[in-house]
Amino acid sequence: MKKDIKVLIIIPAYNEEESIAEVIEHLTSLLMTGTLDAHLSVDYLIINDGSRDSTLEICDKRHFQYLNLPINLGIGGAVQAGYVYAARNGYDIAVQMDGDGQHDIAYLGAMLKPLLEDEADIVIGSRFLEKEGFQSSGIRRIGIKFLSFLIRITTGKKIMDVTSGFRAVNKRFINIYVNDYPTDYPEPEAIVTAIMHKGRIMEVPVQMRAREGGSSSITFRKSIYYMIKVTLAILVCRLSYGIRRG
């Protein structure tokens, strides 16, 4: 008999009281439809990243599955906590999706397919392949294109949606990210880490939505810091792995 494949959906959440219930309701309704492979055993885990609003209370009252971080670790620390949980509990695949409603779990099957068929180690849900749905602001798209170009010239790998937080990874990269995951604005740097570990990265087209509630943590001032920090992080990460190989 075919062995069940354990999948964990990691949902980092910081002050997502306006959207987290709808995200989980949409997720659980999809899982109940039976449209996924019958051999997939899918769980979810909300990582409450020290929220200051009622996110924790909602998770507790609605009996959602969650891990509560007593202090705010940031998106990287929250996601890494999810990877630690996945590794310790024997999951074969981990999926990252945001708690703000931007990522549509209806694309879960498309995200998992390349991993299940051993065509990829990391799958990124990309809004830019078919350019449908919410495309982010013009300024952010310029920043994304710059980071995509930077990753391409430093690694040789072309990734369109380098800031997408909608991702799925296999067991090998669950274990890698347990010990080696960026802490601050991690998405582009995590791609470089994956490439340096010779990971096979594939993008699949998805449509994203605008936030269902709350506001982005990245203000204009933080956007400038983000670009400088991530640019330096990518260069340091690439140089670091080059030194190790040497």
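Here are the numbers:
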read-out	value
The chain, accessible surface, carbon-and-sulfur percent (1.4 angstrom probe)	55 percent
Value at 222 nm in deg cm²/dmol, rounded to 500, when DSSP H runs of n ≥ 4 in the chain each add -39,500 (n - 2.57)	-14000 deg cm²/dmol
Compactness relative to 2.2 N^0.38 Å, alpha carbon Rg of the chain	0.97
Accessible-area ranking of ILE195, ILE11, largest first, probe 1.4 Å	ILE195, ILE11
Sites LEU235 and MET32, calculated FRET efficiency, Cβ-Cβ separation with R0 45 Å, nearest 0.05	0.45
Under 24 Å from LYS157, Cα to Cα: lysines that are on another chain or at least 8 residues apart	LYS113, LYS131, LYS145, LYS171, LYS198, LYS229
For the range 11-98, alpha-carbon Rg over 2.2 N^0.38 Å	1.09
Surface per residue (accessible, 1.4 Å probe) for the chain, Å²	49 Å²
Radius 13 Å from Cβ of MET160, net charge of other residues (Lys, Arg +1; Asp, Glu -1)	+3
Straight-distance crosslink candidates among aspartates and glutamates, where the alpha carbon sits under 14 Å from LYS222 and sequence neighbours closer than 8 are dropped	ASP184
Within the chain, longest stretch clear of exposed trypsin sites (Lys or Arg not before Pro) (DSSP loop, no more than 10 other Cβ within 10 Å)	53-197
Kirkwood estimate for the range 67-163, i.e. one over the average of 1/r between Cα atoms, Å	15.7 Å
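The values are calculated or read from the model by the stated rules, or taken from the named source; none is laboratory data. Computed from a predicted structure; not experimentally measured. For neighbour counting, all protein chains shown are included, and Cβ atoms are generated from backbone atoms with ideal geometry for every residue, glycine included. What goes into the accessible areas is simple: the full protein's heavy atoms, side chains included, and nothing from ligands, DNA or RNA. Shrake-Rupley method; radii C 1.70, N 1.55, O 1.52, S 1.80 Å.
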